[in-house]
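Derivation of every value follows stated rules applied to the coordinates shown; laboratory data play no part. The model shown is predicted, which means the values in this text are computed figures rather than measured ones.
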Amino acid sequence: MLRRCTVRTLTEFEVVCANSGAEALALLEKDSDFDAILSDVMMPRMSGPELFARCYRDYPRLAQRFVFASGNPESARGELARMVEELGAPQPILLAKPCPREGLLLALFAAAAHGEPVSGTYSVVDGTAIEVTKYRG
C-alpha cells in the first residue's frame, strides 16, 4: 500500500516498481539507466543496504543515485554507515518516514543530479516551505 501511495505521489515521473531486492536487481540487469533509486532500508530477504551493495558492485554509477527511506532513521543510519564503510562507497541519502512530498522530491532530484545533499537524513520542516534540515549523527 505504501508503494502505491509513493507511486501516486510521483505521478508526473516514470516510476518502475519492484516487489523485492531480487526483482530490482533483475530489472537492473535488463536496464540500469535510472535517474534515481528509492529503496526502503528494511525489506524481507534482501535489505536496502544489501541491494545498495550489489548495485555498487555491479552498477557503480547508481551508488550515487540511491535514496533510502526508513521509519527508524537512527538505526538505518548505522546500518547504512557500516555498509558504506565496508564498500568504500558514497553515503546515500536517507529520508525519515513519513516524508512529505517536497522532501521526497528534493532527495530524488539531488540523487539524480549527483549534487548536494549527498548524505544524512532529511525532512521538510512544517510541511509548508521547502526548508530542508539536515540531521547529522
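Close amide-amide hydrogen proximity is noted between VAL67 and ILE37, LEU38, SER39, each under 5 Å apart and 5 or more residues distant or on a separate chain (H modeled in the peptide plane; Pro and chain starts excluded). The per residue volume of the convex hull around the alpha-carbon atoms of region 5-92 is 97 Å³.
Taking 1.567 mPa s as the viscosity and 4 °C as the temperature, the Stokes-Einstein diffusion coefficient of region 1-49 based on its alpha-carbon Kirkwood radius rounds to 110 µm²/s.
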